[in-house]
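The values are calculated or read from the model by the stated rules, or taken from the named source; none is laboratory data. Since the structure is predicted, the reported quantities are computational estimates derived from the model, not experimental observations. Positions of Cβ are generated from backbone atoms using ideal geometry, with glycine treated the same way; all protein chains shown enter the neighbour counts. When the accessible area is computed, the model is the full protein with side chains, heavy atoms only, and any ligands, DNA or RNA have been set aside. Shrake-Rupley method; radii C 1.70, N 1.55, O 1.52, S 1.80 Å.
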Amino acid sequence: MECNGCEFRPELYYDRDYQIWVRIEEHGLLAVGMTDISQTIAGKILHVRVRKPGTPRPAGKPVATIESGKWAGPVPNLFDCTIVAANHEVLDTPGLLNAQPYDAWIARVQPAAPPHEALSALLTGEAAWAGYRARCLRDDIRCKRI
Amino acid sequence: MEKWRVIDTGLRSAAQNIALNRALLEARQAEEIPSTLRFLRFTPSALLGYHQSAEQELNLDYCRAHGVEVQRRITGGGAIYFDETQIGWELYLHKRDVGTTDMQAIARRICHAAATAISVLGVDARFRPRNDIEVDGRKISGTGGAFDGNALLFQGTLLIDFDVEKMLRVLRIPAEKLSDKAIASARERVANLKELLGRQPDVALVKSYIVEAFESEFGVEFSDGDLTLSEHARYQGALREIETPDWVHLVTRPLSDMPILEAAQKFPGGLLRASVTFDTGTQTIRQVWFTGDIFVSPRRTVADLEAVLRDLPIGRLASRIEEFFARRPVDMLSLTPNDFLTVVRLALKQPLLAHNP
């Protein structure tokens, strides 16, 4: 599925600004990554930093930071969690976030609450697709993979 | 007309200035303050980009011995040396102020406005992609940005006067030997207003031009203001985190992962030397300096080539050099674009030799 060339995956969970996606993994873990919208807005990503495994991240404290074209900023976090792992492929080749935004997960986290509860504030499926499309059209975001 | 605020926080330590960056960005994000232009100055400091490592970017022994404070910015970009001879300017904006979501376009727009302000002084300042403002190929203002939610901070330096030799000693740049040649070659890459104008510029006037340029670019009017109580409170909190070794060493990478590699080769067009700062982890060229006994016209071509080779994965080296020369008329006598590629590749072979003697 796509809008303005921005790919959307209905099985993932999203924040209301469609900056990040979250995927349910085995053993109650969640994977976090950047959406096609986010990577397009950021431009070519040169650095990614993920907090050390074991670091607790309350809602609002970023799981990771990125840098593109001299802009540094957080990859936001929406629920209370602990970092379990960073994707070392992404740390070594940050451009993967631009090339394959939905395959290049950034961090795996253990939510403090059970996954379905942690994800309750996020959007998925039809509701997420409607919001995602609205965001692309409202801000005239045209995605490109660099 | 919308009113924005301008403040001048004067001469401060790097930790204080960076804590103010955090405080004002947070306050802008919380909608506690209007969009703001801040002028600032630094006591002698070496400032790392947010994701950089002090070991890889700085000559730490020199900084320690000469009282140069080492700090980490919250903005991206490269390490810089900052002292009383420069002024800093910063914009704290809301995303709705800039009319686009494209971060590179936002940087371009702000840099164009800053370049206009500098040009009013009588020098031909222009934005050079990758966020530097230059005069005839020489950098006069380096910039970087940070975002948090809907708030943006974009900051730049402006070289009023500048101690190039001190910069060479503080920063680990691809000119390790402090020869006269290295200093001369650094002087070809950075410019300052005093040198360009042939006199000490009036800093108050420079600031007023910067204010006017941003007023005109964004269609707003600035009025003088002071830090608010909420900014003070946020500043105190930020300073407690930032004035610590943990913050300065938030990112640490070994020096050995980012060697400076050098090679020189004699071509029919002259002797060409490349010094390459190379990130072995990501296999990325961080920076290249070309020097040598060569003729290239226009002169700025070499500086422009160095700019497009910044932060470049080595796999793209050949195509980037080819595209660069395909797009512009350059007179190099018998030197060829391929010679630049050859000498960089030669430099990049150095670690392989070191690992496999």
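Find the accessible area per residue for the stretch B:14-162; the probe is 1.4 Å, ligands and nucleic acids are left out, and the unit is Å².
Details: 4230 Å² over 149 residues.
About 28 Å² of surface per residue is accessible.
If you sort the three axes of the alpha carbon gyration tensor as a ≥ b ≥ c, you get a/c of 1.5 or more for the stretch A:3-57 and a/b no higher than b/c, which makes it oblate. Only Lys, Arg, Asp and Glu carry charge here, each on its Cβ (+1 for the first two, -1 for the last two); on that basis the protein assembly as shown has a dipole of about 800 debye about its Cα centre. Proximity of backbone amide H atoms, modeled 1.01 Å from N, is registered between A:Phe79 and A:Gly60 at under 5 Å, excluding neighbours fewer than 5 places apart on the same chain.
Would you please classify the overall shape of the stretch B:255-355 from the alpha carbon gyration tensor, given that a ≥ b ≥ c denote the square roots of the eigenvalues, rounded means a/c under 1.5, and beyond that prolate means a/b larger than b/c while oblate covers the rest? Mind showing how you got there, number by number?
Details: a/c = 2.17, a/b = 1.54, b/c = 1.41.
Cα axes put the stretch B:255-355 in the prolate bin.
Counting only protein heavy atoms and a probe of 1.4 Å, the accessible surface of chain B is 51% carbon and sulfur. Short-range pairs are left out: with C-alpha atoms under 8 Å and at least six residues apart, the relative contact order of the stretch B:82-202 is 27 percent. When chains A and B come together, the accessible area they lose, probed at 1.4 Å and totalled over both chains, is close to 2200 Å².
Based on Cα contacts under 8 Å between residues 6+ apart, chain B shows a relative contact order of 18 percent. Comparing each chain alone with all protein chains together (probe 1.4 Å, DNA, RNA and ligands left out), the residues of the stretch A:53-84 losing at least 40 Å² of accessible area are A:Glu67, A:Lys70, A:Trp71, A:Ala72, A:Pro74. Farthest toward the positive end of the dipole of the stretch B:2-248, out of B:His94, B:Ala204, B:Leu48, is the Cα of B:Leu48, where the dipole comes from beta carbon charges about the Cα centre.
What the Cα convex hull of the protein assembly as shown gives, in volume per residue, is 160 Å³. Amide H contacts under 5 Å for B:Ala191: B:Lys139, B:Ile140, restricted to partners 5 or more places along the chain or on a different chain, H placed in the peptide plane at 1.01 Å from N. Bridgeable lysines around B:Lys194 (alpha carbons under 26 Å apart, same-chain partners fewer than 8 residues away excluded): B:Lys139, B:Lys166, B:Lys181, B:Lys207.
Residues in the stretch A:96-112 carry Karplus couplings, in order, of 4, 5, 7, 7, 9, x, 8, 9, 8, 5, 9, 9, 9, 10, 9, x, 5 Hz; the curve used is 6.51 cos²θ - 1.76 cosθ + 1.60 with θ = phi - 60°, and Gly or Pro positions show x. Database remark: amide H of B:Phe267 closer than 5 angstrom to the amide H of B:Leu272 (H placed geometrically; neighbours at sequence offset of 5 or more, or on other chains; Pro and chain starts carry no H). Most simply put, the stretch B:2-248 has about 65% antiparallel DSSP beta bridges, counting only bridges with both residues inside it. If contacts are Cα pairs under 8 angstrom and at least 6 residues apart, what is the relative contact order of chain A in percent? With pairs under 8 Å counted, the relative contact order is 32 percent. Cysteine residues of the protein assembly as shown whose Cβ has no partner cysteine Cβ closer than 4.7 Å: A:Cys81, B:Cys63, B:Cys111. The string of couplings for the stretch B:269-278 from the Karplus curve (6.51, -1.76, 1.60, θ = phi - 60°) is x, x, 7, 10, 10, 10, 10, 10, 8, 10 Hz, one whole number per residue in order, with x for Gly and Pro. Mean-square fluctuations from a GNM of chain B, with a 10 angstrom spring cutoff on Cα atoms, peak among B:Lys207, B:Lys139, B:Lys266 at B:Lys266. The HN-Hα couplings worked out from phi for the stretch B:187-193 by the Karplus form 6.51 cos²θ - 1.76 cosθ + 1.60 (θ = phi - 60°) are 4, 6, 9, 10, 10, 9, 5 Hz, whole numbers, x standing for Gly and Pro.
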